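One structure is given here, and the rest of the page talks about it.
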Amino acid sequence: MEMISRSCPLCGSSDTGSVFAEADFELKQLDSFAFASRKMPEYMHYRLIDCPTCDLLYANPLPCEDDLAEGYSEAAYDSGVEAHYAAATYAATLSKFVGRLPDRHGALDIGTGDGAFLECLLEQGFDGVAGVEPSRAPIAAAREDVRPLIREGIFRGGDFAPETLSLVTCFQTLEHLADPLEMARAVRKLLKPGGAAYFICHNRRALSARLLGKKSPIFDIEHLQLFSPKSARYLLEQAGFTDVAVLDIVNRYPLRYWLRLLPLPQDMKRTLIATLDRAGVGAWSLSVPVGNIAVVGFKPVHAGTASDSGRMPGAEP
């Protein structure tokens, strides 16, 4: 794996004096799920720098783009149930601001997986819906009518026409991008005036992350950076969005999935999950505030002006 150095991908700071953690990973221990969504954590990570300017925690050095693309392309997939739970949660948050969109014509989901959220968009009356997903396995698992809506590969803004979308979503994918600010700027160009970017990411400042430390599943070989409310807001504001709001997300998943995330030996977790399933309770769902956040911003209706309406319910000021 070729590793390359970088400055902060959000604010450009070259101050690398605050090292949050030195690199801790063994490539030979990675399997086909290493770059899969909602996997069993390996608790590995790259060298992590704490940016003093924008509060981003970022990997430096990081793997080159070709190595990352290959890892995602070949990743396995086994989390279809969890994907639909997540999509339902994210659709509930969308309902808080969907009325502010210019219309429901044109929506793109970046890192769409098996298209579970595309199903929600269609159910809510959106048309012109599309997804982008770099991994083959989740696309193959997509619902038959949704699969043709998914473009395989890495998101590139030039693949879509400017100002044709009312909504662009990106869930738990910002952490995986080598240049999240470039992506956010590309998204802004694709949106119609008044359209919204709606992103969800891990909150590195969350209580769960602070309590678990480097045993939190957010410190992962897949994650090239981790956001906080401050840095998530900074991302959209630097990309030219207005009325930016940050909201807490409370996820709901089956018990067996929550058990996957606990900092226990993998063999022990597999045994406990099997025990839950035999007892008939592994599929029971539970809502837990594990520290995910949504950040939403709007493309100005006119250059240099904010979009209409006030703060969304539950948003940070």
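Every number in this text was worked out from the coordinates using simple rules, so none of it is lab data. Keep in mind that what you see is a predicted model, and the values were worked out from it rather than measured. Cβ placement follows ideal geometry from the backbone for every residue including glycine, while neighbour counts extend to all protein chains displayed.
Net charge of the neighbourhood of L118, taken over other residues with C-beta under 11 Å away and scored Lys/Arg +1, Asp/Glu -1, is -4. Once each of the GluC sites (Glu not before Pro) sitting in a DSSP loop with at most 11 other beta-carbon atoms within 10 Å is removed, the chain keeps 145-317 as its longest stretch. As a length-normalised measure over Cα pairs under 8 Å and 6 or more apart, the relative contact order of the range 157-308 settles at 30 percent. Taking the Cα centre of the range 3-298 as origin and assigning +1 to Lys and Arg Cβ atoms and -1 to Asp and Glu Cβ atoms, the resulting dipole is close to 860 debye. For volume of the Cα convex hull per residue in Å³, computed directly from the structure shown, the correct entry in (1) 130; (2) 155; (3) 234 is (1). With Cα atoms defining each centre, the range 170-248 and the range 3-65 are spaced 15 Å apart in the structure. Per-residue ellipticity at 222 nm, computed for the chain from helices alone with -39500 (n - 2.57) per DSSP H run of at least four residues, works out to -7500 deg cm²/dmol.
When only DSSP loop residues count, what trypsin sites (Lys or Arg not before Pro) in the range 207-244 have their Cβ near at most 13 other Cβ atoms within 10 Å? Passing sites in the range 207-244 do not exist. How high is the FRET efficiency from R156 to V250, r the C-beta distance, R0 41 Å, rounded to 0.05? Here the calculated transfer efficiency is 0.80. Listed by chain and number, the aspartates and glutamates placed with their C-alpha closer than 13 angstrom to that of K269 are E42, D277; residues fewer than eight positions away on the same chain are left out. Backbone amide hydrogens, once placed in the peptide plane, bring D109 within less than 5 Å of A130, G131, V132, T169, excluding anything fewer than 5 places away on its chain.
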